[in-house]
Structures are given as structure tokens and as C-alpha cells.
1. So, in nm, how far is label ARG358 from label ALA138 when the simple model puts each one 7 Å beyond its Cα toward the Cβ?
2. Can you give the local net charge around LEU173? Use residues other than it whose beta-carbon is closer than 13 angstrom to its beta-carbon, Lys and Arg +1, Asp and Glu -1.
3. Excluding ASP210 itself, calculate the net charge of residues whose Cβ lies under 15 Å from the Cβ of ASP210, where each Lys or Arg counts +1 and each Asp or Glu counts -1.
4. Would you mind pulling out the separation of the Cα centroids of segment 6-49 and segment 71-89, in Å?
5. Can you give the charge dipole size of segment 159-298 about its Cα centre, rounded to the nearest 20 debye, using +1 on the beta carbon of Lys and Arg and -1 on the beta carbon of Asp and Glu?
6. Of all accessible surface on segment 153-245 at a 1.4 Å probe, what whole percent is carbon and sulfur?
7. Roll a 1.4 angstrom probe over the protein heavy atoms and tell me the percent of accessible area of segment 279-366 that is carbon or sulfur.
8. Charges only on Cβ, +1 for Lys and Arg, -1 for Asp and Glu: so what's the dipole of segment 1-141 about the Cα centre, in debye to the nearest 20?
Amino acid sequence: MTHLAWGGGGTSAEAVHTLYDRLLAPGPVLVMAPTRAAFEASVARITQPLDGVDVVIQTSGSTDGTGRLVGLSRAALAASAHATHARLGGPGQWLTSLPVHSVAGFQVVRRSALAGHRPVVYAPAGGFDVDLFAAGIAKLTPGVPHYLSMVPTQLYGVVAEAPQLLAGFAAILVGGAALAPDLAARASAAGARIVRTYGSTETSGGCVYDGVPLDGVGVRVVEGRVHLGGPTLLTRYLESADQPFAADGWLVTNDVGTWDGARLSVLGRADDVLISGGVNVHPAPVEAALSALGGQWVVVGVPDERWGQRVVAVTDGVLPDMDAVRAATADLAPAERPKDVLGLAPLPLRPTGKVDRRAVAEYAARRFVRGTNQ
């Protein structure tokens, strides 16, 4: 029977460095999990063959609250790491604050092991810690490119408090959720080289950078749904016989978008789409428009007798009046314009640092009564 071992979890220096050392040589199948109890729970869920699987990483569960167990090969993870190095301009040293049991955090360590530069760990107890972040930067090795990988919520914290600290990185990968244009502009104005990444656990992490696929990655859109191909794909899901592949082996994602043959535009997740008055509303464009008002925004649907789903915008910033919201979203279709706004600070996060949309939607549903905030 295949030997399974707990690969670790969390953001601590011990977890990062232990994983780094384990990736330098072959070993058992690593099951990544935040705790040993979570590792044992994941192992108990595995029902599918482990041939061709070297690492097991659970998806964030932002949609269903559970997550899928994704079996990945070392070859797929290495292909992703090498393609990232090629796109960014070569290997370097990473500053990381992402949990190693997530694919983004794992791949920072994988790239580091291939590059031969042990990553520097920035692991604040909560929120953004300016002094700790600056101390992490000071530990980076001079003379090699310095890289950073973050989710938008983390970038927001840095830009709000110490944007000048971003200028020294050769590239900053931002993924896991849509990056608001206003936040990207503020980071770029501070001298940061922001690279928007798109991908998933099933693709060994980001596989499309700034809309352009990494070397070897295939993209197509079938009936609005994004399909991906290439050497970075998962081997299989492990807790169910249901698999995410088309008949020709391409990965069928849960994302909707457009592809012009050179550049991919992702509109959002199919299961995030709201239907208001019979019209499909993708949250990402609405959130992008609202970012001009400051703060972070999450657009969700609240059950409504008239509209089916009422479009409600939730922010962790200063709550604007509806006139400001209408002005910010004036260029959107009528169905896309929020009918109400709510404040929620801080926004609830998943363990990976991404905003927990399910929790935000549940909060909005509790607060919303006949179109008023209570």
C-alpha cells in the first residue's frame, strides 16, 4: 500500500523549512493539511487510486465549504514551477506568508527548492505587520531576484500601510481572487511589478499570468466555460470517482471567461454568478467598479421575491451612500448595479487568506430585511 505522510500545514517557518527539505528528495505521498487531525480526515476520504500521485492538496472549499482532494504529481508541480521561473525571468528567492497546505503556499516552497534558495517566512499573528514584513525583506539574499506571492487581501494590507516596501521585488504574484483595478493601480504607483495570476489547485497553482498562459499551458473556452490543458494538470480527484476532465483530457474548470487565441479574460466562477431579474450578474466586474470607492468589496446575492436575487455589495471600508455607488457603477448594466450596500469589517477569510464568499453571503442574508440594513 502506498505510504502516506503528513506534509505539514500553516505559515510557520518550521512548516515552510520542513517542507523545503522534504522536497529535495523523493519520499512518500505527502498529504498537505493544516493539522494532523485534518491530515487523518483527508486520508479517510481517499477512495481513488494513488498511482501517479505524489502530493495531495485540498481545495479551499470556498464554494461548498468542504473542498476536493486533488492528487498531483511531482512532475506537474515542477512543470508549473519551471514555467513560472521562465515567465518571471529566472529563479530567485521568495518571501512567503501563504500556508503550505494551500497550492499557492506549497508552490512557493517548490519553486524555492528548485532554485536552491530557502524562502524567507513572513507570518504575522494577524493582519499586516509592517515591522515584521520589513524584517522579512531584510533577510532576503542580496544579488538574486526577490519574489512575493499574495492574495488580494494581503496586498491590500501592504498597500494601505507600507506600499514603499513592495518596490524591491522583481515580481509580486497576486491570485486566488480577482484583483481590483484600483488596488493594482495603487500598488503599481508604489513601484510594484504586479502579476495577476489565474489557476487553481487542479493546475498546480497559477497557470495564466496577466491573461497569457504559461509555456505549455493550453486554453480554450467551450460554451463560456474555461478549459485548460498541459503538463501542470492534476492526476485525479481522490475522494470521488467524479473527475473534472473532458473526453479529450482537458480540465473543465468552474470558471467562465473569453479567449481570443492569445489572452484569457476570466469573468468569475460559474457558481458565483447571480441571477437578478433573469439577468446573469458576474460579481467581479461590479467589484472592480466599486473599488474606486476605496476598501475591499464583495458582491453577493440575497434572496428576493421580486428579483430572485438582489445584488448587494459588502465592503470593509467606509460605507458610501447609494448616490456614490450609483455613480461608480454607472457604466454597468442596470441588473449589475447594487441595490444595497452593507459594511462588514473585517471581511471573513478562508484559511488560505481569500475572502470567504459563502460567509459574506450568509451575513448579508441575515442583515437584509425588505431592502433595509439592520
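The values are calculated or read from the model by the stated rules, or taken from the named source; none is laboratory data. All values derive from a computational prediction rather than experimental measurement. Reconstructed Cβ throughout: ideal geometry from the backbone, glycine too, with neighbour counts over all protein chains shown. Just the protein is used for accessible areas: all its heavy atoms, side chains included, with ligands, DNA and RNA removed. Shrake-Rupley method; radii C 1.70, N 1.55, O 1.52, S 1.80 Å.
1. Placing both labels 7 Å beyond Cα along the Cβ direction yields 4.2 nm.
2. On the way: positive: ARG87, ARG111, ARG193, ARG196; negative: ASP210.
Residues close to LEU173 contribute a combined charge of +3.
3. +2
4. If you average the Cα positions of each part, the centres end up 19 Å apart.
5. 320 debye
6. Roughly 50 percent, rounded to a whole number.
7. For segment 279-366, the apolar C and S fraction of the accessible surface comes to 53 percent.
8. On the way: 10 positive and 8 negative charges, 57 e Å.
Approximately 280 debye in magnitude.
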